[in-house]
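The values are calculated or read from the model by the stated rules, or taken from the named source; none is laboratory data. Just so you know, these numbers come straight off a predicted model, no measurement behind them. No Cβ is skipped: glycine too gets one built from the backbone with ideal geometry, and neighbour counts run over all protein chains shown. To get the accessible areas, we keep the full protein, side chains included, count just its heavy atoms, and leave off ligands, DNA and RNA. Shrake-Rupley method; radii C 1.70, N 1.55, O 1.52, S 1.80 Å.
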Amino acid sequence: MKKKGELKGEKKAAVHGDTVDFKTSRILKATVLILSLMLLFSLRPLDVKASEDTVSLHVLATPFKIQGEKKADNIKLDWNAVTGASSYTLSSSSYKKGKYKQIATPTSSTYEIYGLKHRTYYRVQALDAKGNVLATSEVISGKPVNCRSRVSLNTFDNTKTSSIQGLKSKFRMGKNYYQFGFERADDGSLTMWQSTSKDGITYGTKKAVALIGAVDELKSCKLESVGAQQRSDGTIVIWAHYENRTDYTLARVINISGKPGGPFTVHASFRPQGNDSRDLNFYVDDNGNGYLISAAHGNQDINIYKLTDDWMEVLPEQVSPAITVLKGQRREAPALIKQENWYYLFSSEAAGWYPSACKYIAAPTIQGLADAPLRQVGNTSTFGTQSGGIFMIGNTAVMAANRWSNSWKYPDPITAGSRLMPLALKDGYAAFDYYQNIEYNVEKGIVIPVQAGENLSLGKPVVANQSTAANAGFEATKANDGISYDSSNYYQSVAGVEPWTWTVDLGQPSLINEIDITFKRVNGSETYQSYLLEGSNDGVHFVTLKDCTDNKVIGFNENEINNTDTFRYVRIKVNNSTNVNNGQSASWARGINELTVYGSPVIPNPSK
């Protein structure tokens, strides 16, 4: 597997407060290049607590809108898996302390409810194979959200390269807002620029910032994972991962500080407490304590270092030794946040530039993160991205997950940059899902995920034939059980059969809007699949819904379907799997973690 330093291009972004426009450049221009600023969103965010091996049960609710509808009157419920549970019961009531009526018996830990008319309360119970109750959740409520017609909503399109509108810079002095960045000069060194704004959104011309101190440190280097915070006296403190331009052998941090308008002082680069340091996060707690969180020990662990009161230096080891977390887990891109007295550390699996699994740990104290278990969340490939920074829109935490498509061997011609993932948070647990679009208004604090339709395939019968036979333990039903975050939970056809197919019976003819597939992913030996998506009404005669035989996107594939006919059966026919690194056949990596069909049934859901 290639390491980041061996790939062409540099991650880059401009720092302007809580908004970062992530991009990847594969060709270095001869003159000016805005360099690699991956600002760590340090707003008060997010999630997590107990593990899958506990009897505690926590439910999270995400309201969402269905494409083409006016109201966000649908609720996605997610809860933690309970060890020993073979099924769950979902009950609802119009009153929190009223009588609860069972409405579903899902076998997975997710369920969607459509067409809510009013606030409704929900409770989940986990049952063992004999029907004994293992755990009962606290009650959680959901209600329809009116998409106010008088409020203008922006749309972030996750299927295209998009940017976030309306987020103001957090750097301010007097009546002016500021944003900062770096450009590469003709001699290869970095220069710093700033631009100003009266409203925090529209900025003027970039102007050079005077630099003093260890300026030679910025000659022939690159900066990544740049984090910045502003002290109460107006001083802006910047910490970044510091490397030479050719590889990743320096593994240092660098500190730059100053007030808007300059000059800014460049402090010498170094290894914190003598440890190598790569991807990092600069975090300031609500009590004013500052911390650096960085990948250490050859990316094997993550270290948390406490800073001096002015955030300018790492405290010596004898005063405050580093807190080592995620030992031996090979995690990177850390993002530390706090919400309701819980600290949450999200990170990405080390996978070069390719999509990888986002996971998190959480504890009531920063020290407690050292013993916190690593939890799965979202999707085995973070829906085609890597875990990214987290920021707030109103009361909703949103992850800007990084899609480094331009640095893949076969770049996605459509999507690069970031994908937004609104996060559901409660009692130390987190959940997020993929949505085509996110409607939002930063000023009003509105975030509305927009789904391509109802989930038509969750838990529906799988139609088996010879080519859908499965290896023991990897049954066909695992491809539509709603569990897409567990890398060990997937369907795998028997060896030696190509092409192979998998078919789901939706139960009735339905209009198909989108089919999302999470293929099995092997870190370091990533694969792409050649496949067809087909529809039928009798389960025998199929027509093509989308031809993906030329697909080279690995992991998560989202497929918009442009066919106005209705179909009861949906089939995927996989011709082969290919190792993206060497171009060789990789049938050993075949498998589907999850296939989800979105659309609308001919006979509407009774609650609609």
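Points to keep in mind about this one:
- Accessible surface of region 61-158, 1.4 Å probe, proportion on carbon and sulfur as whole %: 45 percent
- Rounded if a/c under 1.5, otherwise prolate or oblate - region 318-399, Cα gyration tensor axes: oblate
- Within the accessible area of region 401-508 (1.4 Å probe), percent carbon and sulfur: 51 percent
- The chain - percent relative contact order, Cα under 8 Å, separation 6 or more: 13 percent
- Pairs beyond 20 Å (Cα-Cα), from K70/K546; K170/K444; K175/K206; K160/K460: K70/K546; K160/K460
- Working from Cα pairs under 8 Å separated by at least six residues, relative contact order for region 136-231 is 19 percent.
- Simple spin-label estimate for S163 and R271 in nanometres, 7 Å along Cα-Cβ: 3.9 nm
- Of interest is the spacing of the C-alpha centroids, which for region 475-498 and region 374-397 amounts to 23 Å.
- The residues of the chain have, on average, 40 Å² of accessible surface per residue, using a 1.4 Å probe with all protein chains present.
- 12 Å beta-carbon shell around W311, net charge (K/R +1, D/E -1): -3
- Segment N395-L134, length gained on full extension (0.36 nm per residue, minus Cα span): 90.7 nm
- For region 317-361, the square roots a ≥ b ≥ c of the C-alpha gyration tensor eigenvalues yield an a/c of 1.5 or more together with a/b not exceeding b/c, which makes the shape oblate.
- Cα centroids of region 78-125 and region 318-368: 31 Å apart.
- For region 94-175, relative contact order (Cα pairs under 8 Å, six or more residues apart, normalised by length) works out to 21 percent.
- Distance from region 188-252 to region 534-585 (C-alpha centre basis), Å: 45 Å
- Residue order by solvent-accessible surface for K175, K99, K160 is K99, K175, K160, largest first, with ligands and nucleic acids left out and a 1.4 Å probe.
- Loop-located GluC sites (Glu not before Pro) in region 407-498 (DSSP state not H, G, I, E or B) with no more than 15 neighbouring Cβ atoms inside 10 Å: E443.
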